[in-house]
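Before any comments, here is the structure.
The values are calculated or read from the model by the stated rules, or taken from the named source; none is laboratory data. Remember, it's a predicted structure, so these values are computed and weren't measured experimentally. As a convention, Cβ positions derive from the backbone with ideal geometry for all residues, glycine included, and neighbour counts pool all protein chains shown.
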Amino acid sequence: MPQDSAIFKIQRYDPEVDTLPYFTTYNVSLRKGMTVLDGLLDILDQQDGSLAFRASCRGAVCGSDSMYINGAFRLACNTAIVPLLPREITINPLPYMRIVKDLVVDMDPFWTAYERIKPYLINPETAPERERYQSPKDRKHIDEMLDCILCASCYSSCPMVWSDSEFLGPAAFLKAYRFVGDSRDQGQRERIKAVGHENGVWRCHTVFNCTEACPKKINVTWSIEALKRRSIVNRLKFWQR
Ligand code: SF4
Ligand code: FES
């Protein structure tokens, strides 16, 4: 007989009042097709208004509800409850990030690293009247990278991020390569400069955690390796001058 309820075991922590994180357990009644985010919203509405978490689009687009669910990086809105049963559903905030409250983590270091790679099209030429045309073939080259929703799962999973606060992290590298590989972009030189240093791509030890963690199934490691190759080619061009 199908289960009509699920146990949610959620890590709680309010740095203003708690000395250490702890777990609170909730019994959630199940409806057909429920996701983990539906369960969290039910807890918030019906059992505990003090529970803190982020969510917005409910459609795996905004990246705001990435969490560590039953030992894996997942988007709560994109994780069905039934396949996780009969185990209890254990939820932690993104690991190795400062906890603001409960499942809400401080995203400032992530956004600071992201800004440093200039995540926008750089093209000093006068904009054409209609659009900067990109052929379907050129667009295909960056297709996979455009799926990134900036959820920070890869960033949270990366051992180099844990040990080096200056390390830019996988999502910033992925985005840098998204523009370096964009046929309309002319900012390659400054972007490669922003990532081609000791706290940049060369600090990556190719652990593959980022690729494993990505809920959008992006091969993040491949982009980092491609960026390393571009960095070497740029350096060779410089020495050949
Ligand atoms: Fe999230 Fe994947 Fe983008 Fe990293 S690459 S921020 S895991 S969507
Ligand atoms: Fe936007 Fe889940 S709520 S990705």
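Here is a yes/no grid of residues against (1) within 15 Å of residue 87 (Cβ to Cβ); (2) charged (D, E, K, R); (3) in contact with a Leu (Cβ under 7 Å, 6 or more places away or on another chain):
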{"position": "19", "(1), (2), (3)": "no, no, no"}
{"position": "23", "(1), (2), (3)": "yes, no, no"}
{"position": "27", "(1), (2), (3)": "yes, no, no"}
{"position": "42", "(1), (2), (3)": "no, yes, no"}
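For segment 128-144, give me each residue that is in a loop (DSSP other than H, G, I, E, B) and within 12 Å of residue 185 (Cα to Cα).
Keep residues of segment 128-144 that are in a loop (DSSP other than H, G, I, E, B), which gives 128-135, 143.
Hits for segment 128-144 are 132, 133, 134.
Would you mind stating whether residue 94 is within 16 Å of ligand 2 (Cβ to nearest atom), aliphatic (A, V, I, L, M) and under 22 Å from the mean Cα position of the chain (by Cα)?
Values: within 16 Å of ligand 2 (Cβ to nearest atom): yes; aliphatic (A, V, I, L, M): yes; under 22 Å from the mean Cα position of the chain (by Cα): yes.
Yes.
All of (1) under 21 Å from residue 229 (Cβ atoms); (2) touching a helix residue (DSSP H, G or I) at 6+ places or on another chain (Cβ under 9 Å); (3) of a type in the set (S, T, N, Q) hold for residue 156 with one exception: (1).
Residues considered: 138, 182, 143. Of these, the only one that is buried (at least 21 other Cβ atoms within 10 Å of the Cβ), more than 15 Å from the chain's Cα centre (by Cα) and more than 10 Å from ligand 1 (Cβ to nearest atom) is 182. Suppose we keep only residues that are in a loop (DSSP other than H, G, I, E, B) and of a type in the set (A, V, I, L, M) within segment 166-215. Which one would you say is farthest from residue 149 (Cα to Cα)? In this case the residue turns out to be 207.
When you look at residue 196, is it in contact with a helix residue (DSSP H, G or I) (Cβ under 7 Å, 6 or more places away or on another chain) and either more than 28 Å from residue 54 (Cβ to Cβ) or of a type in the set (A, V, I, L, M, F, W, C) (or both), yes or no?
On the way: in contact with a helix residue (DSSP H, G or I) (Cβ under 7 Å, 6 or more places away or on another chain): yes; either more than 28 Å from residue 54 (Cβ to Cβ) or of a type in the set (A, V, I, L, M, F, W, C) (or both): yes.
In short, yes.
Across segment 42-67, the number of residues qualifying as among the aliphatic types (A, V, I, L, M), touching a residue at least 24 places away in the same chain (Cβ under 8 Å) and away from ligand 1 (no atom under 15 Å from the Cβ) comes to 3.
crowded, with 20+ Cβ neighbours inside 10 Å and either at pLDDT 90 or above or more than 24 Å from residue 134 (Cβ to Cβ) (or both): does that describe residue 164? When the stated conditions are applied, residue 164 does not pass them.
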